[in-house]
Amino acid sequence: MTANRRAIPVRPMLWLLLAALVPALLSAWLHPRRPVWLKPADVGEVDVATAKNQSDVLWVDARSAEAFERAHVPGAISLPAGEWEMHVEAVVTAWRPGLTVVVYCDAATCAASQSVARRLRDELGLENVHVLAGGWQAWQEA
């Protein structure tokens, strides 16, 4: 009872796998929208006093448009986290090299400022982007 079995050609399959894996890894590594595991996690924070003492600051308000309309940092640009496409052009127009970008939302527990700051850094390639520690609440208390 001997069965006539064919041997599975392992070596050609390994070459095909390698030929597909190398471009896939290079694409993931070089793509402008890198996977989360290749990106730095959080944007650094800056306190109110330090941010106010900067000479060239672009203030970005990540709160809702309604909250922005009620009150905001003087000169700030509204860029609600959920309405990125509608408002990002205003930030791009106002930005220039050398500006420090400070993003804020309601309070220290609000995650919108981190989200917007990351997108400004990762998608637009802006450098020197910070989150205001304590957010709008800290600004009002200062």
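Before moving on, here are some points about what is shown:
- Our summary of shape: the Cα atoms of segment 77-134 have principal axis extents of 29, 24, 18 Å, ordered from largest down, in whole angstrom.
- In the chain, the longest principal axis of the Cα atoms and the axis of helix 84-94 are about 60 degrees apart.
- Crossing angle, helix 112-122 versus the chain [Cα axis fit, 0-90 degrees, rounded to tens]: 60 degrees
- Most positive-pole-ward Cα, Pro80, Val22, Ala90, against dipole of the chain from beta carbon charges: Val22
- With Cα atoms, 0 to 90° folded angle of helix 10-30 axis to the chain main axis: 10 degrees
- Stretch in the chain that is longest and holds no GluC sites (Glu not before Pro) that DSSP places in a loop and that have at most 15 other beta carbons within 10 Å: 1-122
- Surface composition of the chain: carbon and sulfur make up 59 percent of the accessible area, probe 1.4 Å.
- Taking Cα extents along the principal axes in Å as calculated from this structure, the corresponding entry among (1) 58, 33, 22; (2) 88, 33, 27; (3) 52, 32, 29 is (2).
- In the context of the full set of protein chains, residues of the chain present 68 Å² of accessible surface per residue (probe radius 1.4 Å, heavy atoms only).
The values are calculated or read from the model by the stated rules, or taken from the named source; none is laboratory data. What you see is a predicted model; the values in this text were computed from it and never measured. Note: ideal-geometry Cβ built from the backbone for every residue, glycine included; neighbour counts use all protein chains shown. Heads up: the accessible areas ignore ligands, DNA and RNA and are worked out on the full protein's heavy atoms, side chains in. Shrake-Rupley method; radii C 1.70, N 1.55, O 1.52, S 1.80 Å.
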